[in-house]
Amino acid sequence: MARLRPLALLFTLLMFNVAASATIGSFRGRIVAAPAGQAREGWVFVQGPNGRLRLVDVRKAEFAFDDDFHAPADLSPSAKLLLQGAEVRVVGEQQQGEWRAMRVEIIQLAASTRGTT
């Protein structure tokens, strides 16, 4: 029985490590205004089709246009295009309820962006 304790401890630590690691996933939605008092520099709120609101850190993300989106030649994908109403697909890690974006694909520009380009 005493020999099993170190193995049980090792197994428990390994399982905890797996459970504590970030979950990589993707979702899509529209950029919405931050709720009152919750705006942060480098973060956006994305509301999915089901109404779920996600807080996303985009400071280290790679930006791209969706393959089906025909962007003007003089427009390059960047965080500056993440305006209210833009439709995006986010690929990232979820950590403690917040998302850390690795890639943000712009599916559709916000109406205010389309009017100025």
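Mind listing just one residue for me: the one in region 21-32 that is of a type in the set (S, T, N, Q) and outside any loop (DSSP other than H, G, I, E, B) and, of those, surrounded by the fewest Cβ atoms within 10 Å (Cβ to Cβ)? The qualifying residue surrounded by the fewest Cβ atoms within 10 Å (Cβ to Cβ) is Thr23.
All conditions in (1) in contact with a helix residue (DSSP H, G or I) (Cβ under 9 Å, 6 or more places away or on another chain); (2) within 19 Å of Gln95 (Cα to Cα) hold for Arg54, with the sole exception of (1). Scanning region 76-117 for residues that are outside any loop (DSSP other than H, G, I, E, B) and among the hydrophobic types (A, V, I, L, M, F, W, C) returns Ala79, Leu81, Val88, Val90, Val91, Trp99, Ala101, Met102, Val104, Ile106, Ile107, Ala111. Of all the listed residues (Val46, Val104, Val91, Val32), the sole one being modelled with pLDDT of 95 or more and in contact with a helix residue (DSSP H, G or I) (Cβ under 9 Å, 6 or more places away or on another chain) is Val104. Counting only strands (runs of 3 or more DSSP E) that fall entirely inside region 33-75 and contain at least 2 residues that are charged (D, E, K, R), the qualifying elements are 53-57.
The values are calculated or read from the model by the stated rules, or taken from the named source; none is laboratory data. Keep in mind it's a predicted model, so treat the numbers as computed, not measured. Every residue, glycine among them, receives a Cβ derived from its backbone with ideal geometry; neighbour counts consider all protein chains shown.
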